[in-house]
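K.L.:
Sharing a structure below in structure tokens format, with a few things to ask.
The values are calculated or read from the model by the stated rules, or taken from the named source; none is laboratory data. Bear in mind that the values here come from a model prediction, so they are computed numbers and not experimental data. As a convention, Cβ positions derive from the backbone with ideal geometry for all residues, glycine included, and neighbour counts pool all protein chains shown. Just the protein is used for accessible areas: all its heavy atoms, side chains included, with ligands, DNA and RNA removed. Shrake-Rupley method; radii C 1.70, N 1.55, O 1.52, S 1.80 Å.
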Amino acid sequence: MAFTVAIDGPAAAGKGTLSRALAERFGFAHLDTGLLYRAVGARAAEGEDPIAAARGLLPADLARADLRTLAAGQAASRVAAIPEVRAALVDFQRRFARQPGGAVLDGRDIGTVICPEAEVKLFVTASAEVRAHRRWLEVGGDAAQVLDEVRERDARDMNRADAPLRPAADAVLIDTSTLSIADAVAQAADLVQRRIG
Ligand code: C5P
């Protein structure tokens, strides 16, 4: 039986932690769709055409050790604005979403474009300052620069023409600015459990 949990939201809102916790709790498969764009961005940064990179993406690309840096995030959001790059990644994500046994996907357009039929849709957000602080704890460096990069990436993701970041009309909003991870997971798990029935 297919059961999809779609989790969208801006960078460092807590989508990854929440997705992994839900996947573990309910035995669902999990896909961090940002990794697909990060891998395409990394290949493009090495000089490859981003559309060709997206069409030829391999599992080994997703295992690269350099996908979590700020630069990789910026490269991802630049290639993610190219419609042909997004189109090349749709089928894989849709198949993943509807696999038997259930799936959690986190990204920017899961509830709006990839899987509008998802049984549960969450939009996870937090203030830019809180998100930048979390990112800074992970990557270090200059805190003001990290905040600038978070804002820049938000603006690019929200203002692109193809699949911009926005909540689906029927998404449940979870703001993790003041909510602990445990509370956010409990809230989301409750929604999933109620939908499973
Ligand atoms: O979630 P993460 O920070 O890894 O995503 C990196 C970038 O990939 C985002 O800033 C966004 O531009 C792009 N992305 C996207 N659609 C998704 C997932 C990520 O456009 N479903």
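K.L.:
Using a probe of 1.4 angstrom, how much of the accessible area of the stretch 78-197 is carbon and sulfur, in percent?
P.N.:
Of all accessible area on the stretch 78-197, carbon and sulfur atoms account for 55 percent.
K.L.:
Additional query: Counting only heavy atoms of protein chains, what accessible area per residue, in Å², does the stretch 1-99 have with a probe of 1.4 Å? Write out the running numbers ahead of the final one.
P.N.:
Numbers: 4310 Å² over 99 residues.
Here the per-residue accessible area is 44 Å².
K.L.:
OK, next. Using the Karplus curve 6.51 cos²θ - 1.76 cosθ + 1.60 with θ = phi - 60°, what ³J(HN,Hα) values do you get for each residue of the stretch 188-197, in whole Hz, with x for Gly and Pro?
P.N.:
With coefficients 6.51, -1.76 and 1.60, one gets 5, 4, 4, 4, 5, 4, 5, 6, 5, x Hz.
K.L.:
Hey, can you find the accessible area per residue of the stretch 155-197 for me, probe 1.4 Å, expressed in square angstrom?
P.N.:
Working: 2590 Å² over 43 residues.
Computed with neighbouring chains in place, this is 60 Å² per residue.
K.L.:
Using DSSP to define loop residues, name the GluC sites (Glu not before Pro) in the stretch 1-55 whose beta-carbon has at most 11 other beta-carbon atoms within 10 Å.
P.N.:
Working: sites: E24, E46, E48; in loops: E46, E48.
Taking the stretch 1-55 and a limit of 11 other Cβ atoms within 10 Å, the loop GluC sites (Glu not before Pro) found are E46.
K.L.:
Further question on the same structure: So what's the gap between the Cα centers of the stretch 132-197 and the stretch 50-114, to the nearest angstrom?
P.N.:
The distance from the Cα centre of the stretch 132-197 to that of the stretch 50-114 comes to 17 Å.
K.L.:
Here is a follow-up. Taking the Cα centre as origin and putting +1 on Lys and Arg beta-carbons and -1 on Asp and Glu beta-carbons, what dipole magnitude results for the chain, to the nearest 20 debye? Don't skip to the end; give the middle numbers.
P.N.:
Working: 25 positive and 27 negative charges, 67 e Å.
The calculation lands at about 320 debye.
K.L.:
Calculate, for A155 and M1, the FRET efficiency according to 1/(1 + (r/R0)^6) with r their C-beta to C-beta distance and R0 41 Å; round to the nearest 0.05.
P.N.:
Efficiency for this residue pair is about 0.55.
K.L.:
Quick check on the chain: helices-only [θ] at 222 nm, where DSSP H runs of length 4 and up contribute -39,500 (n - 2.57) each and the sum goes over total residues. Nearest 500, please.
P.N.:
Using -39500 (n - 2.57) per qualifying helix, the result is -16000 deg cm²/dmol.
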